[in-house]
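Read-outs: derived from the displayed coordinates by stated rules, not from any lab. On a predicted model such as this, the values are computed, not experimentally measured, just so you know. For neighbour counting, all protein chains shown are included, and Cβ atoms are generated from backbone atoms with ideal geometry for every residue, glycine included.
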Amino acid sequence: MRLYIHWLEMTGLISTDDIAEITDSLSIPQSLLKTFKTTKGTTVCTFDAAEDSESVYISIPQEGYGRVTLRGGFFDAFPGQSIRDFKDFMYSRKGNCLRLDVSFKDISGYLNFEEYSRMSLLENHLD
């Protein structure tokens, strides 16, 4: 069985000066980011790894915790991309992981589909 990250969302005390570090840790050219400011002064940067897909979303308020979301399109477009440097950077900024979705592929045929389906319907399937 092979596990794949499908969604990662982290917060941290980041500023607009950290955008270059974030994009470098994810191997994204900074020139591909679309950047704009909201009416409340929050800086938002997006990167579309696939057409019509906001794969990377960076939200940096004027003060407080910013948020970086890596959606499934990012991991689909860059399946071999390591997130270790990104994770270490975010933790160095007092970061926290808000969401981590993991998918799997049963490449060895160990899973019994009926048993997996039955277990996914149980109350404790999120455990």
| note | Candidates for volume of the Cα convex hull per residue in Å³ are [x] 146; [y] 210; [z] 129, and the calculated one carries label [x]
| remark: Taking placed amide H atoms and a strict 5 Å upper bound, the residues 5 or more places from L98 or on another chain that come that close are E9, M10, T11
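Just how large is the dipole of the range 2-120 about the Cα centre, in debye to the nearest 20, putting +1 at every Lys and Arg Cβ and -1 at every Asp and Glu Cβ?
Values: 13 positive and 17 negative charges, 63 e Å.
Approximately 300 debye in magnitude.
Working out 0.36 nm times the residue gap between T16 and Q30, then minus their Cα-Cα distance, what length gain in nm do you get to one decimal?
Values: separation 14, 0.36 × 14 = 5.04 nm, distance 1.22 nm.
Extra length available between T16 and Q30 comes to 3.8 nm.
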| task | In whole Hz, with x marking every Gly and Pro, tabulate ³J(HN,Hα) for the range 9-17 from phi via Karplus 6.51 cos²θ - 1.76 cosθ + 1.60, θ = phi - 60°. | result | 10, 10, 10, x, 7, 10, 10, 5, 5
| Put +1 on the Cβ of each Lys and Arg and -1 on the Cβ of each Asp and Glu in the range 29-106; which of L100, G64, S82 then has its Cα farthest toward the positive end of the dipole? | G64
| Karplus (6.51, -1.76, 1.60) ³J(HN,Hα), θ = phi - 60°, over the range 71-87, in Hz, Gly and Pro reported as x | 8, x, x, 5, 6, 5, 6, 10, x, x, 5, 7, 10, 4, 5, 4, 4
| field | Total formal charge among the other residues, if their Cβ is under 13 angstrom from that of V44, Lys/Arg +1 and Asp/Glu -1 | value | +3
